[in-house]
Each structure stands twice: as structure tokens, then as C-alpha cells.
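Engineer: For reference, the structure I am asking about is given below.
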Amino acid sequence: MGRDRFGLEMAGSDAAVAAYDEALGHLLRFRPEVVAAAEQALAADPGCVLARGLRAYVSLMSSEGSDAAAARELLKGTASTHPRERAHLEALAAWTAGDWYGASRRLDALLALWPRDVLALAVGHQLDFFVGDARNLRDRVARARAHHDPREAESGFFDGMWAFGLEECGEYVRAEAAGRSAVDRNPGDVWALHAVAHVEEMQGRVREGVADLESRRAGWWQGNFLNVHLAWHLALFRLEADDHAGVLELYDALIHNAGSAQVAMEMVDAAAMLWRLHLDGADTGDRFARLAEAWTKKDAEPWYVFNDLHAIQALVGAGRLADAERRVDRLARFAREGDDASSNHRMVVAAGLPAARALCAFGRGDHGAVIRHLAPVRHHLAVFGGSHAQRDVFQRTLVESSVRTGEGALADQFLAERLAARPGSTFAWARMARRRRAAGDVAGAVEAEARRAGERAALCA
Ligand SMILES: [Fe+2]
């Protein structure tokens, strides 16, 4: 038995443990080299159970069913008598079987016994994100963080994780402080930088968001798994400034292009950005068509409905309504006949299927149906994972449909909510102007338009 850099026992030769330690460092930095380092550990000692586990976790974190199958294959026949390694294998078995919630609980139980297990912490943190558990995004890290000396080399990364959890819980001041401190300690901490971007997004601090991401572009634009997502965040700020050309420039440069890796995590962001532009009536050229084509090559069987929802956005946006409806039918069948022990089943039934139906209804121009499907579940969308900022694409769809369908009272309610949270929202003021005009309130419409123009001018100045 060797010991990892955090002092925990693990099976493996010295060379394997050293490579595993290196892999952990890459994992904290979202670097793709994590794969090669884990494989190097396995090559040095095939009996290094945690290197195998780490490699399998990386596959699972792609959120694609085909990668989960690969993880299952990699783990076949792997066993250990060491209690911590066995706990990891049990968490992996749960996740590969589709029990994302069970895997998360097992990693929590593991961390209660071995709070310095950084593999369990980093992977558990991502699992909390996948299942939309904001409380645990914050508190899993809070519990573990207490067991690391702040002077330890890697402890800044725990602050970065904690920052994201705090942000998802709405604790923006503490989130920003923790995130900025983490970035100061490690300029390559893309997850901490991402947490700060989330705070700025939620508070509508567009200019600061752009400045932070632009000034640090050299640190995140390439060489990490989060670069597309950070470009997406930058595009979100540009969208709020009504800079559609700037959004498309980022889209083509990094979010999705012919050289993209065509992985679901990145295609989710691509679809969500195009869909937002679609809600604004912007011309996106043939981008939806190209993205929809990429999505059709993905998983045939339901695995993670968050991905299906974005595939459906791409298909609807590309005008491939029949293909989108087929994907919805598949989800409906899964809701009726699928394994109700799987986490995805709960996600689909609780909110995924209604949200998917709403997207298709939007494509048909049936805005009354969008509201019927989406309004009842709009406060429960976290069940299928993602961040507040990502799930906002559904809230925006609902607002847009309420304005288009002439459901005046409902539109007024949605707009009041959004403007209370973000008084400078150009998205909301644009809809407010249309809503007032439809209601015959010309003065109100002119005032809303002026407000939108003023906010846009301030953001672009
Ligand atoms: Fe994000």
C-alpha cells in the first residue's frame, strides 16, 4: 500500500501512486491530461484500483451514456479489500448503473470517513452539479474543506469549489470572495473563475463579467475542459448587452465549430446559446442545422435528460420538428416503461418530459402549450441538473411564450420577477416593451424601450 499526496492509503506501486497524484492535480485544474496520467498509473500498476476508478469517473463525468458503458467495461472484475477503495467501487457501480443520486450519497458517506479524499470530493462536487443539488454543492465542500490546512498547496481549489456551491445557494458575496481568493492563489483555477462569472451573471454585472473573462482569457481559452463553457459565459454577458454579433463570434471561435470535440457537455452550451438567440429572433444562419446534425450522432438511449433537452433545442431550432418529437416520444416511453430506480427516470418524470414538450410546442408556435407544460414545473427544473444560469434558458422560453401568446397577466408576473432580480435586464425590458404595446399602453412601451436602450448603451460604453 502506498499513500496519496493527501496521506491516504491506496493500492499501487510508487510509480502508479505518483501518476495518480498527478492525475488528481489535473482533475482539480480541469486539464485533459488527467486521462493520460490515470492511464500512466494503470500502466505502471494495473492493480492501482483508484487510478482505474479515477479513469472511470472521468468517463462518467462526460454525462454521455456511451462513456458510462466504457466505464462499466473498464471496471469489470475490479475489486479491493481496502474499505475506501471498496467505497469508491460501490459509488462507481451505482453511477454506471444509472443511480446518480446513489453514487452521490455513497461519496458523501465515503467523505465522512475519509474527508481528505480529494477524488471523492472533486467527483462528488460534479455529481452535485449533475443532479442539481445546490445545497450539497456548497456543503459537501464545506465539510471537506475543514480537514485541509489552508496552507496546503491544493487547498485553493477547494475554495473554488466552495465558491460555486455558495453561488448556487444564492450567497453571492461569500461566493465571490472565495472565488476571487482561489483565482488569486491559482490563476489556472478555471472552476473558481467560473464561480465568479456565475456571481456576475446572477447579479447582472455584465461589464465586470466581460472584463474578468477577457482579462484572463490567456488562462482559460485553451488547455482545459471548461474553456467552451467559459466562452459560453462570456457570450451570455455579450447577449445581455444585445451584442449578437459578439455572441456569434464566440460561438464560431470556440463554442461550436468544425473542429469541436462534439461532446455533449459542450454541445449543451452551443444549443443553449443558439436557443437564446432564437428567442431574440436573431439570425443564426446554418448553425442550428450543423449542431442538430452533431446531436443526432449521440446516444440512442436515455441516460441524462439534460442532454436530451439541449438536443431537442438544436433540432427544433434547425426546423427538424419531427426528429425533435421523436426524441420527446422516446422520453415519454422511458417515463412509462423505463427503470424507475434510475436517477434519469426521476429527472424525466419530474420535469424533463414537460420541458421537452414545451420546446417542441415552441417550435410549433403553440405558445399556450409551452405555458401549460413549463409553468407547472418551472420551480422544479433543478431536478435535471445544471446551474441556475443554464436552466434560465427554460425560464426565458416561458417568458417569451407568455408575451407571444398574449397571456398578459402571466407575462406581467414573469417580467416583474425578472426585473426584481435584475433591474437592468435588457431581455426583460425588450419583452416589457412588447407586452405594453400589445396592451395598448404606448407610453409604457416607449418607456420600456428607452430603458432597454439605456441599459444597452451603458453596457456597451
Ligand atoms: Fe456555468
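The values are calculated or read from the model by the stated rules, or taken from the named source; none is laboratory data. All values reported here derive from a predicted model rather than from experimental measurement. Neighbour counts run over all protein chains shown; Cβ positions are idealised from the backbone, glycine included.
Engineer: So in region 135-179, with the set limited to residues that are touching a Pro at 6+ places or on another chain (Cβ under 9 Å) and of a type in the set (A, V, I, L, M), which one is modelled with the lowest pLDDT?
Structural biologist: Looking at residues that are touching a Pro at 6+ places or on another chain (Cβ under 9 Å) and of a type in the set (A, V, I, L, M), I get Ala146.
Engineer: Still on this model: Gln413 passes all but one of (1) within 25 Å of Ala324 (Cβ to Cβ); (2) in contact with a Ser or Thr (Cβ under 9 Å, 6 or more places away or on another chain); which number fails?
Structural biologist: Condition not satisfied by Gln413: (1).
Engineer: What pairs come up if the first residue lies in region 156-172 and is more than 23 Å from Asp392 (Cα to Cα), the second is of a type in the set (Val, Ile, Thr), and their beta carbons are under 7 Å apart, counting only those six or more places apart or on different chains?
Structural biologist: Phe158/Val141
Engineer: Looking at Asp242 and the list (1) of a type in the set (D, E, K, R); (2) modelled with pLDDT under 95; (3) within 16 Å of the ligand (Cβ to nearest atom), which single condition is not satisfied?
Structural biologist: In the conditions (1) of a type in the set (D, E, K, R); (2) modelled with pLDDT under 95; (3) within 16 Å of the ligand (Cβ to nearest atom), Asp242 misses (3) alone.
Engineer: Please find, among Phe414, Phe384, the residue that is within 16 Å of the ligand (Cβ to nearest atom), surrounded by 21 or more Cβ atoms within 10 Å (Cβ to Cβ) and either in contact (Cβ under 8 Å) with a residue 12 or more places away in the chain or more than 30 Å from Phe164 (Cα to Cα) (or both). Steps first, please.
Structural biologist: On the way: Phe414 fails: within 16 Å of the ligand (Cβ to nearest atom).
Being within 16 Å of the ligand (Cβ to nearest atom), surrounded by 21 or more Cβ atoms within 10 Å (Cβ to Cβ) and either in contact (Cβ under 8 Å) with a residue 12 or more places away in the chain or more than 30 Å from Phe164 (Cα to Cα) (or both) holds for just one of Phe414, Phe384, which is Phe384.
Engineer: Condition test on Phe362, is it within 16 Å of the ligand (Cβ to nearest atom), touching a residue at least 24 places away in the same chain (Cβ under 8 Å), crowded, with 22+ Cβ neighbours inside 10 Å and under 27 Å from the mean Cα position of the chain (by Cα)? I'd like the intermediate steps shown before the answer.
Structural biologist: Numbers: within 16 Å of the ligand (Cβ to nearest atom): no; touching a residue at least 24 places away in the same chain (Cβ under 8 Å): yes; crowded, with 22+ Cβ neighbours inside 10 Å: yes; under 27 Å from the mean Cα position of the chain (by Cα): yes.
Taking the combined requirement at face value, the residue does not satisfy it.
Engineer: Which residues, taken from region 109-157, are crowded, with 22+ Cβ neighbours inside 10 Å and of a type in the set (Lys, Arg)?
Structural biologist: Correct list: Arg138, Arg140.
Engineer: I would also like to ask the following. Out of region 308-356, which residues are among the acidic types (Asp, Glu) and within 20 Å of Arg276 (Cβ to Cβ)?
Structural biologist: The initial filter retains those residues of region 308-356 that are among the acidic types (Asp, Glu), namely 308, 323, 325, 329, 337, 339-340.
If the condition is that a residue be among the acidic types (Asp, Glu) and within 20 Å of Arg276 (Cβ to Cβ), then Asp308 is the only one that fits.
Engineer: Here's something else I'd like to know. Does region 260-267 include one or more residues that are over 19 Å from the mean Cα position of the chain (by Cα), of a type in the set (Gly, Ala, Ser) and away from the ligand (no atom under 15 Å from the Cβ)? Steps first, answer last, please.
Structural biologist: So the first thing to find is which residues in region 260-267 are over 19 Å from the mean Cα position of the chain (by Cα), and the list is none.
Checked against the condition, which is being over 19 Å from the mean Cα position of the chain (by Cα), of a type in the set (Gly, Ala, Ser) and away from the ligand (no atom under 15 Å from the Cβ), region 260-267 yields no hits at all.
Engineer: Out of region 173-200, which residues are in a helix (DSSP H, G or I), among the acidic types (Asp, Glu) and within 15 Å of the ligand (Cβ to nearest atom)?
Structural biologist: Within region 173-200, the first condition is being in a helix (DSSP H, G or I), and the residues that meet it are 173-185, 190-200.
Applying the additional criterion that residues be among the acidic types (Asp, Glu) yields 176, 184, 200.
Matches in region 173-200: Glu176, Glu200.
Engineer: Specify which of the listed residues (Gly165, Gly170, Gly160, Gly204) is buried (at least 23 other Cβ atoms within 10 Å of the Cβ), over 15 Å from the mean Cα position of the chain (by Cα) and within 16 Å of the ligand (Cβ to nearest atom). Break it down into steps so the answer makes sense when it comes.
Structural biologist: On the way: Gly165 fails: over 15 Å from the mean Cα position of the chain (by Cα); Gly170 fails: buried (at least 23 other Cβ atoms within 10 Å of the Cβ); Gly204 fails: buried (at least 23 other Cβ atoms within 10 Å of the Cβ).
The match here is Gly160.
Engineer: Return the pair list, or none, for Cβ contacts closer than 7 Å from residues in region 434-461 that are in contact (Cβ under 8 Å) with a residue 24 or more places away in the chain and under 14 Å from Leu415 (Cα atoms) to residues that are hydrophobic (A, V, I, L, M, F, W, C) and assigned to a helix (DSSP H, G or I), at least 6 apart or on different chains.
Structural biologist: Arg434/Val403; Arg435/Val403; Arg435/Ala411; Arg435/Leu415; Arg452/Trp429; Arg452/Ala430; Arg452/Ala433
Engineer: Then there is this: If you scan region 207-239, which residues turn out to be away from the ligand (no atom under 12 Å from the Cβ) and within 15 Å of Ala175 (Cβ to Cβ)?
Structural biologist: Glu208, Asp212
Engineer: Which one of the conditions (1) in a helix (DSSP H, G or I); (2) touching a Phe, Trp or Tyr at 6+ places or on another chain (Cβ under 9 Å) does His148 fail to meet, given that it meets all the rest?
Structural biologist: (1)
Engineer: If you check Ala369, Ala322, Ala375, Ala389, which single one turns out to be more than 16 Å from the ligand (Cβ to nearest atom) and within 24 Å of the chain's Cα centre (by Cα)? Don't jump to the end; show me each part of the working.
Structural biologist: On the way: Ala369 fails: within 24 Å of the chain's Cα centre (by Cα); Ala322 fails: within 24 Å of the chain's Cα centre (by Cα); Ala389 fails: more than 16 Å from the ligand (Cβ to nearest atom).
Testing whether each residue is more than 16 Å from the ligand (Cβ to nearest atom) and within 24 Å of the chain's Cα centre (by Cα) leaves just Ala375.
Engineer: Can you name the condition, by its number, that Val316 falls short on among (1) within 25 Å of Asn136 (Cβ to Cβ); (2) surrounded by 22 or more Cβ atoms within 10 Å (Cβ to Cβ); (3) assigned by TED's automatic domain parsing to the domain that holds Ala264; (4) of a type in the set (A, V, I, L, M, F, W, C)?
Structural biologist: (1)
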